[in-house]
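Note sheet for the following structure.
The values are calculated or read from the model by the stated rules, or taken from the named source; none is laboratory data. All values derive from a computational prediction rather than experimental measurement. We place every Cβ from the backbone using ideal geometry, glycine too, and count neighbours over all the protein chains shown.
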Amino acid sequence: MHPNPAFRAEDRARNVAFARERAFGVLAVNAPDGPLLSHIPFALNEAGNAADLHLVRSNPIARLGAVQAVIAVSGPDGYVSPDWYGVADQVPTWNYVAVHLRGRLEPLDHGEMRAMLDRQSADYETRLAPKTPWTTDKMTPQVLDRMMRQILPFRMTVERIDGTWKLGQNKPVEARRAAAAQISSGLGHELDRLRRLMDEAD
């Protein structure tokens, strides 16, 4: 997380909403031989205190049992050229949104895997409306059972949420908006969304 308090003023509710909407991140844990990372979809509850996820059995993280963990959730990001501010003596930077979920990751009973998969897929499928949602009922039971044996359910009890919304809040409003006007044609990810966030930043 960026240490500048200007970029960390968003409230917990906005960080939770962002992480719930994004629903994908990088799970990181410390292991005896060094850090382990895994890119995962997850389902964060409305209270923001529990995140459900699953891992393939062969994932080294799945073999660790209960561990402290972080899920890093990335949002829009983009390079900001100093020329865009219209103000002298500026330096290049990178604006971005990121939320970190920290807590204890624990394996669940495998009997919870089907219900967890159904909840997660239902959430994702409803975002594809007007498509008829996919459900596990569409699968051949034997094929589904075979696939389900390959994945394991986990839950992270979220103990802390940190967010960085680095949108140029440390610049004069006119300079920040001038940079926002240029950023959509630049280098980064979800640049139109980043532009909107920069325009709206306090």
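Numbers at a glance
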read-out	value
Among the candidates 81, 58, 38, residue that is among the hydroxyl-bearing types (Ser, Thr, Tyr) and within 21 Å of residue 159 (Cβ to Cβ)	38
Residues (among the small types (Gly, Ala, Ser), more than 21 Å from residue 19 (Cβ to Cβ) and free of Cβ contacts under 8 Å to residues at least 24 places away in the same chain) located in the stretch 29-57	34
Among (1) part of a strand (DSSP E or B); (2) out of contact with any helix residue (DSSP H, G or I) (no Cβ under 8 Å at 6 or more places or on another chain) - the single one residue 115 does not satisfy	(1)
Test: residue in the stretch 53-61 that is in contact with a Pro (Cβ under 7 Å, 6 or more places away or on another chain) and in a loop (DSSP other than H, G, I, E, B)	no
Residue within the stretch 74-95 that is surrounded by 13 or more Cβ atoms within 10 Å (Cβ to Cβ), in contact with a strand residue (DSSP E or B) (Cβ under 7 Å, 6 or more places away or on another chain) and aliphatic (A, V, I, L, M) present	yes
Residue within the stretch 11-25 that is among the aromatic types (Phe, Trp, Tyr), more than 29 Å from residue 154 (Cα to Cα), surrounded by fewer than 18 Cβ atoms within 10 Å (Cβ to Cβ) and at pLDDT 95 or above present	no
Matching option when the condition is among the acidic types (Asp, Glu), at pLDDT 95 or above and out of contact with any Pro (no Cβ under 6 Å at 6 or more places or on another chain), among 109, 33	109
Residue identified as touching a Leu at 6+ places or on another chain (Cβ under 9 Å) and aliphatic (A, V, I, L, M) among 148, 139	148
Members of the stretch 1-50 found to be of a type in the set (A, V, I, L, M, F, W, C) and assigned to a loop (DSSP other than H, G, I, E, B), listed by number	1, 9, 23, 42, 47
Flag if residue 160 is exposed (fewer than 15 other Cβ atoms within 10 Å of the Cβ), in a strand (DSSP E or B), touching a strand residue (DSSP E or B) at 6+ places or on another chain (Cβ under 9 Å) and at pLDDT 95 or above	yes
Members of the stretch 177-194 found to be free of Cβ contacts under 8 Å to residues at least 60 places away in the same chain and either in contact with a His (Cβ under 6 Å, 6 or more places away or on another chain) or crowded, with 22+ Cβ neighbours inside 10 Å (or both), listed by number	180
